[in-house]
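Step one of this worksheet: look at the structure below.
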Amino acid sequence: MIAIEVKELVKTYGELKAVDDVSLRIKEGEIFGLLGPNGAGKSTLMECMAGLKKYDKGQILIEGQDVNQLGKKLYNTIGVQLQETAYPEHLKVKELCKWFSDLYEKPADYNELLKKFHLSDKANNYVNTLSGGQRQKIAIILALIGKPHILFLDELTTGLDPNSKKEMWAEIKALKEVGLTIFLTTHNMEEASYLCDQIAVLDEGKLLLVDTLDQVIASTQLNHEVSFKAGIEEMQQLKSVLKIEAEVEFIQETVKVSSSHEDLITHVVLALNHYKIPYEKIQMKSPTLEDAYLKLTGKYWEV
Amino acid sequence: MKKLVSTIKVEWSLNIRNFLNVFFSLVFPVMMLLLFGSIYGNEPSTYYGGYGSVDVLTPGYLGMVIAVAGLMTLPITLSQYRERKILKRFKATPMGPKEILISQFVVNTVVTMISSLILIVVGIIVFHLKFYGNVLLMLLAYLLVVINLFSLGLCIASISKNAKAALAISYVIYFPMLFLSGATLPLEFMPNGIKMISKGLPLTYGVELMKGLWLGKALSDFTMHIGVLLLLSLVLIIISYKTFKYE
C-alpha cells in the first residue's frame, strides 16, 4: 500500500524554485527520510505534503486522497511536528496536551503518551521550563494525539544532545513497530542511515535520488575495506588466492584489502583460514551515506 | 464545539496568568477612577451639566477598559501566536482560525466585562456613582464598542508583519486614543484642534455613545455614532478576515 504519493510537485517563491518537480512514493509502515543541506527545500516540501503550504503544480495524495480536497480532514490521518514551534507561555504540559486532545474527535490518551515518553512527572510543569529534548518529546506527543496513521517530523533531533538524540531514535523505531508511516526530514546522515528504510536526497529543490540505504550506497560502487595485521611474507600469496577482484595494500604491519564486493570480509577470512595464515585485529569499513553523498553530488556534506 | 470550549478555557487561563494583562485590564482602570475621583469628587457640578465628575468619567473609563483588551491584549497575543508559529501548528490540527479568533474575542470580552463591573462597583461604593439610563441599552452600546475596538485589534494583528510591529501599531493607536477620545480626560476642556483630531478616533464615538446613554440621553441622539461604529467594525472585520495569515 502506498501511504503518500507526490507527483511532479513544484513550489516557487517568486523567482526561486523551492521544490522543483519532485515525485515520491512512500509505502505504508516505512520510515522515509528526506535528506538535504540547510535551505535545500526539505521543510517546504514537507509542509506542502502536510497541507500547510499551497503549491504551484503537481499533486499530493495521502492514502489515495488529494491533500487539497481533504482540507481539515487530513489531520485525522496525519500528525505533524514542525521545526521551531513554541507554545504559549504560562501553560502547563498537561494543559497543553488536554487542549490538543480536545481538538480531535477520537484522541489518544495523553496520559499514556506522557508515560510512554517518560514525561509523566513533568505534567504539572510549565512548558517553557522544559529542556530541548523534553520539548521535542512534547512535539511528538502532540503529533500523536490525534491517532494518526502517518507522522511528519521536521528535523526532530536537530539541536539535541547525543543522548536525547539516541533516545528519540529508539522512540521513532518503536513507532514504526506499531505500524506508523513516518516521513522525516533531517540533515543528519547518521540519523538517516540508522532510521530510514528509504532515503531521498534533496538539493536546491531537486530530488537527486530515492532508494534504500543499501542501494544508495551500492549504486555509488564505493569500495569496502578490510584491514588486519599479519606477517608480510604470508601475505604475498593472499592476492592470488582471493576469489574476487580486490586491491591489496601493505601499510607497515597492516594489510588493507579493498573491493566493491559487499561480502569482501567473508572472502578474506575464508582465504586466510584456508591457508592457515595467522592474523589479528581484523575489521571492515563500509562506505557510509556520507561517502555516497560526496560521490553522487561531488559536494562535501556540510551541516 | 469541544474545540472551541477547550480553547476558550486555555485562553482564559493564559489571560489571567499574564501579569501585564491583569494589571492593565483589572487594576489600572480602578486606579484611574480612584485617582481622578478623589481629585474631583462626585458632587453635582455645573461643568458637567449638573452631573457629578465620577458619573461622567466612568463611562469613559469603560471605554478605556475595552480599549486595553481590544487594542493591546488581542493584537499582541495574536501576533505573538503567529510569530512563534503557534498558529501554524494549529493549522496542522482540525482547528481552524475561526475557533482561535472567537476564543480570543470571548475571553477578552469576559475579562473586559469583569473589569468594568469591578470599576462600577468601586465607583458606587467609594463615590456613590449614579446611573441615569436604561441598563439594556447601555449593555448593547457597550457590546457595540467591544466589537468595534476588538475588530480594530484583529485588524492590527492581521496586517502587522510581526509581534514588534503589532506592538508599535497598538501603542500608536492606543495611547493617543486614550487621551484624545474623552475616555480618560474630558473632551469638554480640550482646545478645538484636539477636538478635531478626536473626531477621527473610533473610541470618541464609543465614549460619547456610552456617556450619553449612561446619563439617560435618548438613543436617537446617537444614530450617527452607532452608524460610524457599525460600519467601521464591518470594514475592519472584512479586512482582518481577508488578510489573516497563519505565518
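Looking at the protein assembly as shown, send over the antiparallel percent of its DSSP beta bridges, to the nearest 5. Don't skip to the end; give the middle numbers.
Values: 39 of 57 bridges.
Given both bridge residues lie in the protein assembly as shown, the antiparallel proportion sits at roughly 70 percent.
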Angle between chain A longest axis and helix A:264-274 axis [Cα atoms, degrees, rounded to 10]
30 degrees
Running Debye on segment B:2-243 with equal point scatterers at the Cα sites and no solvent, what base-10 log of I(q)/I(0) appears at q = 0.12, 0.14, 0.17 Å⁻¹?
-0.67, -0.90, -1.28
Tell me the angle of helix A:162-177 to the major Cα principal axis of chain A, expressed in degrees between 0 and 90 and rounded to the nearest ten.
80 degrees
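Counting helices only, and only those DSSP H runs with n ≥ 4, report the 222 nm mean residue ellipticity of chain B as the sum of -39,500 (n - 2.57) divided by its residues, in deg cm²/dmol to the nearest 500.
Calculated at 222 nm, the ellipticity per residue is -23500 deg cm²/dmol.
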Rounded to one decimal in nm, the spacing of the 7 Å Cα→Cβ label points at residue A:59 and residue A:285 is 4.9 nm
Nearest-0.05 FRET efficiency for residue A:72 and residue B:43, computed from C-beta distance (R0 60 Å)
0.50
Taking a crude spin-label model, label points 7 Å out from Cα along the C-beta direction, the residue B:28 to residue A:254 distance in nm is 7.0 nm
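Which helices pass in chain B if a helix is a full DSSP H run, must span at least 20 angstrom along its long axis by Cα, and must have mean Kyte-Doolittle hydropathy not below 0.5?
B:53-67, B:97-127, B:135-159, B:163-180, B:223-243
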In degrees, nearest 10, the alpha-carbon axis of helix A:132-144 is tilted away from the dominant principal axis of the alpha carbons of chain A by 70 degrees
The answer for segment B:2-243, accessible area per residue at 1.4 Å probe in Å², is 44 Å²
Taking the DSSP beta bridges in chain A as the whole, what percent of them are antiparallel, to the nearest 5?
70 percent
Hey, if you drop one equal point scatterer on each alpha-carbon of segment A:191-247 and run the Debye formula without solvent, what base-10 log of I(q)/I(0) do you get at q = 0.17, 0.29, 0.31 Å⁻¹?
-0.72, -1.23, -1.28
Between B and A, accessible area buried - total, square angstrom, nearest 100, 1.4 angstrom probe
2600 Å²
So if a site counts as exposed when it's one of the GluC sites (Glu not before Pro), its DSSP state isn't H, G, I, E or B, and it has at most 15 other Cβ atoms within 10 Å, what's the longest stretch of chain A without one?
A:106-203
FRET efficiency, residue B:221 to residue A:92 (Cβ-Cβ, R0 35 Å, nearest 0.05):
0.10
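Report in % the part of the accessible area of the protein assembly as shown that belongs to carbon and sulfur, leaving out ligands and nucleic acids; probe 1.4 Å. Spell out each step's value before the answer.
On the way: 15160 of 25980 Å².
Exposed carbon and sulfur together represent 58 percent of the surface.
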Once the other residues with Cβ under 9 Å from the Cβ of residue A:150 are scored (Lys, Arg +1; Asp, Glu -1), what is the net sum?
-2
Compute the length gained on full extension between residue A:223 and residue A:178: take 0.36 nm times their separation in residues and subtract their Cα-Cα distance, giving the result in nm to one decimal.
12.6 nm
Is the C-alpha gyration tensor of segment A:25-81 telling us rounded, prolate or oblate? Criteria: a/c under 1.5 is rounded; beyond that, a/b larger than b/c is prolate, otherwise oblate.
oblate
Note down the relative contact order for segment B:25-127 as a percent, whole number, built from C-alpha pairs under 8 angstrom at least six residues apart.
39 percent
Counting heavy atoms of the protein chains only and a 1.4 Å probe, report the per residue accessible area for chain A as a whole number of Å².
49 Å²
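Just add up the charged neighbours of residue B:55: K/R +1, D/E -1, any other residue whose Cβ is under 11 Å from the Cβ of residue B:55.
Details: positive: B:130, B:211; negative: B:43.
My count for the surroundings of residue B:55 gives +1.
The values are calculated or read from the model by the stated rules, or taken from the named source; none is laboratory data. Computed from a predicted structure; not experimentally measured. In this analysis, Cβ positions are derived from the backbone assuming ideal geometry, glycine residues included, and neighbour counts consider all displayed protein chains. All accessible areas refer to the heavy atoms of the entire protein, side chains included, with ligands and DNA or RNA removed. Shrake-Rupley method; radii C 1.70, N 1.55, O 1.52, S 1.80 Å.
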